[in-house]
Every structure is written in C-alpha cells, then in structure tokens.
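*Asks:* Shown below is the structure under consideration.
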Amino acid sequence: MDISTQNTEAPPPAPRPASGRLKRATHGATRPGDRIFLGLSRGSGILLLVIMAAIAAFLTYRATLAIGTDHGNFLTTFEWNTSLNPPVFGIAVLAFGTVVSSIIAMIIAVPIAVAIALFLTHYAPRRLSGPIAYVIDLLAAVPSIVYGLWGALVLVPNLGGLFGWLNEYFGWTGIFSWEGGAPRSMLTAGILLAIMILPIITNVSREVFRQVPQMQEEAALALGATRWEVVRMAVLPFGRSGVISASMLGLGRALGETIAVATVLSPDFLIHASLLNPGGGTFAQNIASKFSEATESGRDALIASGLVLFVITLLVNGAARVIIARRKEYSGANA
C-alpha cells in the first residue's frame, strides 16, 4: 500500500473560542440563580458584620457607664464588692483566672487531640477508627452542665491523689504547692476545660489530616520513610494551619465556658501563685454567678467584664489568623 494513502484522516478541528455568553458567565453573575446566590451570600456577610458591630457597641456603651464612675480602677482592682458605697469592681483576678485556666486546658488538650486525630487517620484500622470517632462526636454534643456535674461529683473528689503527688515532687516550685483542702482550683478548672474542648480539636484535626494528598504520603514511603517520618514530614506540615484553627475553636470555648467552671471552682478575688490552692475566677463564671443579684451599676460592670472577654477573644482569633497567613506554604492550598 502506498504510504501516501495512510493517515488521510483530517486533523481534529481547533477548539472554538468561547462564546460571549460563556465569557460573561465567567466574569460575573448573569443568571437569576447566580444573582440571588450572590446577593444572599453578600447579605449574610454584611449581616454578620452588623451583628458583631451591634454587640460591640452595646457592650462598649454599658461598659462606659460602669468604668466612668468612681468604682475603683476597673482593670487593676483585686475586688468585686457590691455592698460598699460606692461599689468596687475590678477584673484583675478574673482576667488572670480566665487566661490561666484556658492555657492549662490548651496545654493538656492540644497534644492529646492531635495524637488521637493522627491515630484515627493513619494508624487505627477502619473497624476501630469508626467507633472511636463516633464516640468523640458524641462527646462534642454533651451539654456543659453535664460536664460540670461530672466534674463536681467525680473529678474533684478524685484529684486529691494527683494534687498530693504534685505537691510532693514539684511543690518546691511554688506553682504546684498544695496546702490541703478541696481541689477546687484553677488546675481543676483547666483539666475540666481540656476534657470539654478535646472533641472539638480532635474532630477538626482529624478532618484536616484526611485531606493530605495521598501522593505525598506514597512518595515519602517510596523513599524509604517510616510511618512516623511520613506523619512528621508530610501530614503535620500540611495540616498545621488546620490544627491552629482547631485549637482556636477550642480556645474560644475554654475562654467563654461558664457553668462547668462554676461547679468545680471555689471563687475568690485573690491571685494565687499555686495552681492547686482553691480560689480564682473567670469572666464567664463571675457573670453567671453575680448577674441575677446585681444592681444596675453592678450589671454594667458585669457587661464591662464581658467586653474585656470579647476583646480577648477577638485578639486571640486575630493572632491565629496572622499565624496562618504567615504559613501559607503549609496550608495545603497549593497541594
């Protein structure tokens, strides 16, 4: 056969340029459904900003009524006494207790949560990881009052041994010295908060680790990496920003937790050097315990303390966003 008769098929036609309608669709919403969806999305975002601004304006207005009067230095006073004339309000102890209890909760919860998430996604067999994940999901749905009752009836009576051990071996530091008494201290509140935020951090971290590209893990294994090296070099860098976001969600709950902390803490307005001695307080616990019996000026002071907690939460979330933005190479967006 003559070679010239072979491959006589016509070449495939060149792709035609996109029509004007397609070009318009890619540059803007032209269909009614697109316009409706765009309007709803934009309106939802604006509504959220309006609500946040309204909350901030309300808290600021009521806070100025309390801070602007002669009730002591609101930020540095170590007292909250409504029986005096004029009353004295101060949030120094509340700020210290809120920050310390939340830090204790994060120190305990974050490593355990990340370890559980890694176990469920990269180590546990499927028939085991499914039930464990289901139980963790159930823990996230338990109400705060249930955690509080468990903490008061089970956790507090059984912490004496731990407190005694810490006092015996680390009491010389002053942070873990214990003078006896019921273990209703900041460490108790921190342990309970850690248990409460553990499911949140675990669930979010687990979903982030599941998104790691399979090709990255297979490439590391092909180069002779062990399973832990795969986790360290491929999984953790990919999920770092997700773990930070999960930790901030947990921290947000720890900062604002009310009932559970109120049931396990013996509140006072002293800053104790030891984490084991009873006493301390948090913003949310103080608001919940004093709001019903507070006078008009007392309510304004409680709202002012809520404003401080609001600002702390915004600063924490803003710091988390800055950390994530500086580590975009680990966000997985380009994977």
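The values are calculated or read from the model by the stated rules, or taken from the named source; none is laboratory data. Quick caveat, the model's predicted, so the values are computed rather than measured. Neighbour counts run over all protein chains shown; Cβ positions are idealised from the backbone, glycine included.
*Asks:* With respect to Thr282, determine if the residue is touching an Asp or Glu at 6+ places or on another chain (Cβ under 9 Å), closer than 25 Å to Ile67 by Cβ and not aromatic (Phe, Trp, Tyr). Spell out how you get there, then give the answer.
*Replies:* On the way: touching an Asp or Glu at 6+ places or on another chain (Cβ under 9 Å): yes; closer than 25 Å to Ile67 by Cβ: yes; not aromatic (Phe, Trp, Tyr): yes.
It is true that Thr282 is touching an Asp or Glu at 6+ places or on another chain (Cβ under 9 Å), closer than 25 Å to Ile67 by Cβ and not aromatic (Phe, Trp, Tyr).
*Asks:* Which of the residues spanning the range 126-139 are surrounded by 14 or more Cβ atoms within 10 Å (Cβ to Cβ) and either within 16 Å of Ile195 (Cα to Cα) or not assigned by TED's automatic domain parsing to the domain that holds Ile116 (or both)?
*Replies:* Of all residues in the range 126-139, those surrounded by 14 or more Cβ atoms within 10 Å (Cβ to Cβ) come to 129, 132-133, 136, 139.
Across the range 126-139, the qualifying residues are Ile132, Ala133, Ile136, Leu139.
*Asks:* Still on this model: Test Leu251 against the criterion of being touching a residue at least 12 places away in the same chain (Cβ under 8 Å) and within 15 Å of the chain's Cα centre (by Cα), and give yes or no. Don't jump to the end; show me each part of the working.
*Replies:* Numbers: touching a residue at least 12 places away in the same chain (Cβ under 8 Å): yes; within 15 Å of the chain's Cα centre (by Cα): yes.
Answer is yes for this residue.
*Asks:* Continuing with this model, one more query. Has the range 169-189 got at least one residue that is within 27 Å of Leu249 (Cβ to Cβ), in a helix (DSSP H, G or I) and not aliphatic (A, V, I, L, M)?
*Replies:* yes
*Asks:* If I go through the range 156-168 residue by residue, how many of them are more than 21 Å from Ala254 (Cα to Cα) and in contact (Cβ under 8 Å) with a residue 40 or more places away in the chain?
*Replies:* Of the residues in the range 156-168, the ones more than 21 Å from Ala254 (Cα to Cα) are 157-158, 160-168.
Applying the additional criterion that residues be in contact (Cβ under 8 Å) with a residue 40 or more places away in the chain yields 163, 166-167.
Summing the residues that are more than 21 Å from Ala254 (Cα to Cα) and in contact (Cβ under 8 Å) with a residue 40 or more places away in the chain in the range 156-168 gives 3.
*Asks:* Tell me which of these Tyr61 doesn't satisfy, since it passes every other one: (1) outside the structural domain of Val231 (by TED's automatic domain parsing); (2) at pLDDT below 85.
*Replies:* Here Tyr61 meets the rest and fails (2).
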